[in-house]
2 protein chains.
Amino acid sequence: MGEFDIIEQFFTRPSQRAVLGVGDDCALLQPRPGMQLAISSDMLVSGQHFFADVDPAALGHKALAVNLSDLAACGAEPLAFTLALALPQIDLPWLQAFSDGLFALADLHHCELIGGDTTRGPLCINITIFGEVAPGQALLRSGAMPGDDIYVSGTLGDARIALEALQGQLTLDPQQLAALRPRLERPTPRVALGRALRGIASAAIDISDGLWGDLQHILKRSHVGGTLDVPCLETLMQASGFSYRYALAGGDDYELAFTAAPHWRNTLAQYAHSSQTPITRIGQIDAAPGLRLRDAAGELLQQTVRSFDHFL
Amino acid sequence: MGEFDIIEQFFTRPSQRAVLGVGDDCALLQPRPGMQLAISSDMLVSGQHFFADVDPAALGHKALAVNLSDLAACGAEPLAFTLALALPQIDLPWLQAFSDGLFALADLHHCELIGGDTTRGPLCINITIFGEVAPGQALLRSGAMPGDDIYVSGTLGDARIALEALQGQLTLDPQQLAALRPRLERPTPRVALGRALRGIASAAIDISDGLWGDLQHILKRSHVGGTLDVPCLETLMQASGFSYRYALAGGDDYELAFTAAPHWRNTLAQYAHSSQTPITRIGQIDAAPGLRLRDAAGELLQQTVRSFDHFL
């Protein structure tokens, strides 16, 4: 079985949204009149972003989920994606499971595979994703203002806790691992939340390298600082019972961190309730640069947090 | 030096064409009203597509060139690209040369880097490229008609000959290797030719896996067959003096193969002359399926040609 058979058997489906899908030199996409295209690209490398023996269906899910999460962070509507895949060998059951996991999530978001590349090499997956957003509506990292609230969706640190358990760095009982492992291997991109935040959030980012590091991208781009309340971070950890440091420096969360002016508090609480999307207010944007931690008494804490960086 | 420093130092430049470039969760692209977006993605893996010790400037050039070549094959205008890069280590001179080679070619085509990903892993480069083309104007693989002429641009086989020489499978004198090696390492995408073929070519493809295999993608998609004239293929080999089988099964050529109705012969000859772009008529599209070779006497040859496939 060769490259083109693989593409035909596992990665070619009728085109619904693209003018031209898989199978030519280029795919053709016709954005709706006036709409902007939001584009993001994430590469997953074996041994670096996932274990080589990970469930291939989960891997197909995650490879797309981390890209959908970038669209979510921009408030963009998922449209299509390309898939470049380096494979060490042709393993048909693996390819079937991988493509099943990939397309299950793609279908959920009406996001269409329109092209890509397949080659031999160390297992590596690169998806580039395309979404639509009206001009001026995209959520950026650059709009946070002093006085804005800082929020995160869902819970944080779960993926990191599961990772450390799988690596033998900490011990979880089997039930707890079973509960947390999907957060590492099958993250849920917050696409609907991103959409709902258009016109409300002043800045947003998805949390892939840990809240502490990712939030600082917002601060830097917005030329502001921020203070996080440790008691709020601790509420994020109630389910797992671990230290809030996992919430700060976990990584692989694929939750959204965002900022919004205080007059949006009620609207956000209502949205959280009606959509059953946990949203937690965890701090505030300040004029003074830098990111700080504050305890229940309002005292600033002296501590450093290391965020995840693939080269550190 | 971490991931974000690498992006900032080597891969961030002011945005000219994109609404939003490198540095947020997504880039934002606003296609011109009514235009379609042509999208292609090519992955280059160390040891598979290039030698690990290849000149990084040439590698930066080639990684973009193979993608520009896909836009050329569609007749699309280059617009922007994303770059996902897995690096085994941080090597500053390597990154400087790689990005210099990449941007030199990008600037030549006014094609802008708008985002991507940088991670640790076995050296792997995936570029996804975006071009613009008016609706109905894209060159596809599917339009070849019986009676159409078959053409290729430039010369073929040079890259394969250089590759075999570098691998020690054949011997070239140093001058000849010096002449052919840039064809392997710094291919020239035929963007201007692709643009000129809009409205003329009935089908087109860029030759990356060898003419024999790539032409059959046109035949299959167009539901036709074809016959190639060996004497015409031999004229393609005059410069190198090698067998025409290198023209058929070379690969890494990044020339265009295309078909056009016979009444375009003069127009194409004039274009070839005025643009100094070699274009050679090498055969004809037939109704009978399959691809055949015909000698100077018009006799069909019995022989098989193996095209390049990363999994065979």
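Quick one: count up the residues across the range B:176-195 that are closer than 25 Å to A:Gly23 by Cβ and either under 11 Å from the mean Cα position of the chain (by Cα) or surrounded by 21 or more Cβ atoms within 10 Å (Cβ to Cβ) (or both). Counting residues in the range B:176-195 that are closer than 25 Å to A:Gly23 by Cβ and either under 11 Å from the mean Cα position of the chain (by Cα) or surrounded by 21 or more Cβ atoms within 10 Å (Cβ to Cβ) (or both) gives 6. Taken over the range A:196-237, the residue count meeting the criterion of being of a type in the set (Gly, Ala, Ser), open to solvent by less than 10 Å² (accessible area, probe 1.4 Å) and farther than 26 Å from A:Ala297 by Cα is 2. Would you confirm, using the coordinates I've provided, whether B:Ala38 is part of a helix (DSSP H, G or I) and touching a helix residue (DSSP H, G or I) at 6+ places or on another chain (Cβ under 7 Å)? No: the conditions fail for B:Ala38.
A quick yes/no check of all residues on (1) in contact with a Leu (Cβ under 9 Å, 6 or more places away or on another chain); (2) part of a loop (DSSP other than H, G, I, E, B); (3) closer than 19 Å to B:Ala192 by Cα; (4) facing chain A (nearest Cβ under 8 Å):
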| position | (1), (2), (3), (4) |
| --- | --- |
| B:Ala73 | yes, no, yes, yes |
| B:Asp107 | no, no, yes, no |
| B:Ile127 | yes, no, no, no |
| B:Phe130 | yes, no, yes, yes |
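In the range B:238-312, counting only strands (runs of 3 or more DSSP E) that sit wholly within it, the ones holding 1 or more residues that are over 20 Å from the mean Cα position of the chain (by Cα), at pLDDT 90 or above and not small (Gly, Ala, Ser) span B:279-286, B:290-294. The set of residues from the range B:221-237 being in a helix (DSSP H, G or I) and either without any contact (Cβ under 8 Å) to a residue 24 or more places away in the chain or in contact with a Lys or Arg (Cβ under 6 Å, 6 or more places away or on another chain) (or both) comprises B:Arg221, B:Glu234.
Residues are listed down the side, and each one gets a yes or a no for (1) more than 30 Å from A:Ile207 (Cα to Cα); (2) more than 7 Å from every other protein chain (Cβ to nearest Cβ); (3) open to solvent by less than 20 Å² (accessible area, probe 1.4 Å):
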residue: A:Asp5; (1), (2), (3): yes, yes, no
residue: A:Gly21; (1), (2), (3): yes, yes, yes
residue: A:Leu37; (1), (2), (3): no, no, yes
residue: A:Ser41; (1), (2), (3): no, no, yes
residue: A:Gly47; (1), (2), (3): no, yes, no
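Could you tell me whether B:Ala159 is over 30 Å from B:Arg13 (Cα atoms) and open to solvent by 50 Å² or more (accessible area, probe 1.4 Å)? For B:Ala159, the condition - over 30 Å from B:Arg13 (Cα atoms) and open to solvent by 50 Å² or more (accessible area, probe 1.4 Å) - is not met. Considering B:Ala63, B:Ala27, the condition of being surrounded by 24 or more Cβ atoms within 10 Å (Cβ to Cβ), more than 8 Å from chain A (Cβ to nearest Cβ) and in contact with a strand residue (DSSP E or B) (Cβ under 9 Å, 6 or more places away or on another chain) is satisfied by B:Ala63 alone.
Every residue, every condition in (1) in contact (Cβ under 8 Å) with a residue 24 or more places away in the chain; (2) assigned to a loop (DSSP other than H, G, I, E, B), yes or no:
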| site | (1), (2) |
| --- | --- |
| A:Ala159 | yes, no |
| A:Ala162 | no, no |
| A:Leu170 | no, yes |
| A:Ala178 | no, no |
| A:Arg183 | yes, no |
| A:Thr188 | yes, yes |
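Within the range A:75-100, if we keep just the residues that are open to solvent by 20 Å² or more (accessible area, probe 1.4 Å) and of a type in the set (A, V, I, L, M, F, W, C), the residue that is nearest to the other protein chains (Cβ to nearest Cβ) turns out to be A:Ile90.
The values are calculated or read from the model by the stated rules, or taken from the named source; none is laboratory data. This structure is a prediction, so every number in the text was calculated from the model and none was measured. All Cβ positions, glycine included, derive from the backbone under ideal geometry; neighbour counts span all protein chains shown. To get the accessible areas, we keep the full protein, side chains included, count just its heavy atoms, and leave off ligands, DNA and RNA. Shrake-Rupley method; radii C 1.70, N 1.55, O 1.52, S 1.80 Å.
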